[in-house]
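K.L.:
I'd like to ask some things about the structure below.
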Amino acid sequence: MFEDLSEKLETAFRGLRSRGVLDEAAISEGLREIRRALLEADVNYQVARDFLARVEERAKGQQVLRSVSPGQQVVKIVHDELVELLGSRARGLDLGSRKPAVVMLVGLQGSGKTTTAAKLAQRLKREGRTPLLVAADVYRPAAVEQLRTLGSQVGIPVHAEPGETDVPGIVERGVEAARKGGRGVVILDTAGRLHVDPQMMEELRVVHERVRPDEVLLVADGMTGQDAVNVASSFDADVALTGVILTKMDGDARGGAALSIRAVTGKPIKFLGTSERLDGLELFHPDRLAGRILQMGDVLTLVERAQATVDEGDAKALEEKLRRKGDLDLEDFLRSLKQLQRLGPLESILKMLPGVNTRALKDFKVDSRRLKQTQAIVLSMTPQERRTPRILNGSRRKRIALGSGTSVADVNRLLKQFTQMNKVLKGLRGGGGGRGRGMPFGASLPR
């Protein structure tokens, strides 16, 4: 997310930080680099110009020019203005007191509405709410079946009327079914449509009038850049948007839509789609995203993700075992590996850590096959072998290699890495470590 923009901004900041003293000419030169980076990221021209005007006004103040670290002061000003540009604070769903509350998802074809509907339903379910999905896309082949499949995967009921084409009627009956069934939230998965198609936009207006949704969220493809801003403005004119969900942000290296859409439309970004997984929907935090863009990390989101995916009971048991015995066995290793996988791709986790260079991570790819191979090796061991790895002699290792479809060298490599990991954990324990509570291996990473 935003790799190119992060790299170019870091280049501009590096030039500012390298100067012991900053004058107005040096600041102007640095701001030109920032301007170029924003425009190349497909940020709206007027938004970029206004943003830089605010930064320049603050950066050329005497307090900055005379400070001990003027370059770092400019970075802080850019960060503060980015947070303001993105919306200042997180804004979740405003569902009011009506039961059921209605959330209407709209957008172009291919923006990811159906998958986003399921992701949003799962998120609401985790928060203790009782959502109902309504299949209101009667035009795209298999759209209803796709929503039913996704609904079953996340354990959410779906109201669907296969063969029916009266979309406002389907929606009204879906809301009524939710009311009778005691569901707290209805999520409407509407058909994708072009904002220049008057007939399809009229259908949305009728649906809006019939059910009066509490939230009307535009689901926009983050990779479309400024086009997403134009689409948002058009949909807002017809159905009064209350917010935006930007999808496919894991594949967007520019970020122009995220930086422009709120400033141009006045509508807050409420969620980001960060992966294809059904748990890949994050509440949009302007301050955290600004930190990611400026390579300051996003530890809070990482911790929240860990809390949502790592079983607290397992983590405490693992920590207690580590305190008592000083090391882990291969069953613990396998369980921790699965927990780590649930956090998401390792590359995205590393990008949330402060100071990690996005350029260095560009070519860093974790082979998912290697992780599956590791699991296959451990699962090919007997329970006794997993609990007592020291009994793994040559013949046992050969049997495990055959059972897992790997080589003896692969088994030996894994066991060597496992031994080294235990040595690190013992070192952390000796250094006073209860620092990693809740993390997958029950201990913090070595510095």
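K.L.:
Could you give me the ³J(HN,Hα) list for region 193-206, computed from phi with Karplus coefficients 6.51, -1.76, 1.60 and θ = phi - 60°, whole Hz, x at Gly and Pro?
P.N.:
3J(HN,Hα) across region 193-206, in whole Hz: 8, 6, 5, 9, 9, x, 5, 5, 5, 5, 4, 4, 4, 5.
K.L.:
Search the structure for amide H atoms under 5 Å from the amide H of V216, placed 1.01 Å from N in the peptide plane, and list their residues when 5 or more places away or on another chain.
P.N.:
Amide H to amide H, under 5 Å and 5 or more residues apart or across chains, V216 pairs with M104, T242, G243.
K.L.:
Once you place label points 7 Å from the Cα toward the Cβ at D238 and K76, how far apart are they in nm?
P.N.:
It is 4.7 nm.
K.L.:
Enumerate the amide H contacts of V138 below 5 Å, restricted to partners 5 or more residues apart or on another chain; note that Pro and chain-start residues carry no placed amide H.
P.N.:
A191
K.L.:
Separate question: Per-residue counts of other Cβ atoms within 10 Å, averaged by peptide: what ranking do you get for 201-208, 38-45, highest first?
P.N.:
My ranking of the peptides, most packed first, is 38-45, 201-208.
K.L.:
Among K119/K338; K8/K60; K99/K125; K76/K119, which pairs are too far apart, with a Cα-Cα distance over 26 Å?
P.N.:
As for pairs spanning more than 26 Å Cα to Cα, those are K76/K119.
K.L.:
Apply the Karplus curve 6.51 cos²θ - 1.76 cosθ + 1.60, θ = phi - 60°, to the phi angles in region 104-116 and return the couplings in whole Hz, x for Gly and Pro.
P.N.:
10, 9, 10, x, 6, 5, x, 7, x, 5, 5, 5, 5
K.L.:
Work out from phi, with θ = phi - 60° and the Karplus expression 6.51 cos²θ - 1.76 cosθ + 1.60, the ³J(HN,Hα) of each residue of region 153-159, listed in order in whole Hz, and give x for Gly and Pro.
P.N.:
5, 9, x, 10, x, 10, 8
K.L.:
Quick one: if you take sqrt(5λ) for each eigenvalue of the C-alpha gyration tensor of region 127-255, what semi-axes come out, biggest first, whole angstrom?
P.N.:
Sorted largest first and rounded, they come to 25, 18, 15 Å.
Here, each number is a calculation from the coordinates, and none is a lab measurement. Worth saying up front: this structure is predicted, and the values here are computed from it rather than measured. Cβ coordinates were reconstructed from backbone atoms using ideal geometry, including for glycine residues, and neighbour counts include every protein chain displayed.
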